[in-house]
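One structure below.
The values are calculated or read from the model by the stated rules, or taken from the named source; none is laboratory data. Just so we're clear, the structure is a prediction, and the values are computed from it rather than from any experiment. So basically every Cβ, Gly included, is an ideal-geometry build from the backbone, and we count neighbours across all protein chains shown. Each accessible area value is taken on the protein alone, full model and side chains, heavy atoms only, with ligands, DNA and RNA left out. Shrake-Rupley method; radii C 1.70, N 1.55, O 1.52, S 1.80 Å.
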Amino acid sequence: MSALPAVFIGVWVLSQLDESNEHFLNRAIGSVTILATIAIALKFHRPFRHEKPWILASGGLSGLLCGSTGMSGPPLVLLGLNQGWPAAQFRADLLGYFTLLSIATIGICQWQGLITETSIRYAVAGTPGLTIGFIAGALIAKHIHGNRIRYAAICLICATGVLPWLA
């Protein structure tokens, strides 16, 4: 519920950025992502008694990130790891969430004139890799249990935090 309004804000932020601000924003988000991931990796976590406000906050941050950077996963994944949510159900919930949020974000970006011929070409070019990754992930998900999903998520999220520094 909190992600969708935040997507509008994120898309607005994206539309206002010039190239120098964009690099700063991406690196700031990458740095925060790395620090939060390290905290989770070190098992510095305390499950929240009252999840709902944290779910709303992480959903809002996820929507803001989705609209401004296209990277909506870290807030929710870190919350799920912190709370110790069951891995199989959590993966399924994330898949549904990311699908719906991405569809909404594409519509909002199109409405704001941010979808260009170049971005469509990039999306088409990336589709085979996305499809292969989805199928491979679905096949290996059956074999990843408990702490393994935790370590896989931590590695992937940390990698997304490093990527802005490499660009």
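Write down the Å³ per residue value for the convex hull defined by the alpha carbon atoms of the chain.
117
How much solvent-accessible surface does His50 expose, in Å² to the nearest 10, with a 1.4 Å probe and all protein chains in place?
The accessible area of His50 comes to roughly 140 Å².
Contour minus end-to-end for Ser20 and Leu95, with contour as 0.36 nm per residue of separation and end-to-end as the Cα-Cα distance?
23.7 nm
What's the ranking of 31-39, 15-23, 88-96 by average number of surrounding C-beta atoms within 10 Å, highest first?
Final packing ranking: 31-39, 88-96, 15-23.
Scattering from the C-alpha atoms of the stretch 4-63 alone, worked out with Debye: what is log10 I(q)/I(0) at q = 0.30 1/Å?
-1.16
Of Leu100, Gly80, His50, whose Cα points farthest to the positive end of the dipole of the stretch 1-103 (charges on the beta-carbon: +1 Lys, Arg; -1 Asp, Glu; origin at the Cα centre)?
Value computed over the given set: His50.
What percentage of the solvent-accessible surface of the chain, computed with a 1.4 Å probe over protein heavy atoms, is contributed by carbon and sulfur atoms?
72
Separation of the stretch 79-98 and the stretch 115-137 by C-alpha centroid, Å?
Cα centroid of the stretch 79-98 versus Cα centroid of the stretch 115-137: 23 Å apart.
How much accessible surface area, in Å² rounded to 10, belongs to the heavy atoms of Met71 with a 1.4 Å probe?
My reading of the accessible area for Met71 is about 40 Å².
So for the chain, averaging the separation of alpha carbon pairs under 8 Å that are six or more residues apart and normalising by length, what relative contact order in percent results?
Reported as a whole number, the value is 38 percent.
Starting from 0.36 nm per residue, how many nanometres of slack lie between Ala152 and Glu51 once their C-alpha separation is accounted for?
34.0 nm
Please identify every one of the chymotrypsin sites (Phe, Trp or Tyr not before Pro) in the stretch 1-54 that sits in a loop by DSSP and has no more than 16 other beta carbons within 10 Å of its own beta carbon.
Phe44, Phe48
Where does the chain land at 222 nm, in deg cm²/dmol rounded to the nearest 500, when only DSSP H runs of n ≥ 4 count, each adding -39500 (n - 2.57), divided by all residues?
-28000 deg cm²/dmol
Could you state the accessible area per residue of the chain in Å², with a 1.4 Å probe and every protein chain left in place?
With the other protein chains kept in place, the chain gives 65 Å² per residue.
Spelling out what I want: for every residue of the stretch 66-80, take phi, set θ = phi - 60°, compute 6.51 cos²θ - 1.76 cosθ + 1.60 (Karplus), and round to whole Hz; glycine and proline get x.
4, x, 9, 10, x, 10, 9, x, x, x, 6, 5, 5, 5, x
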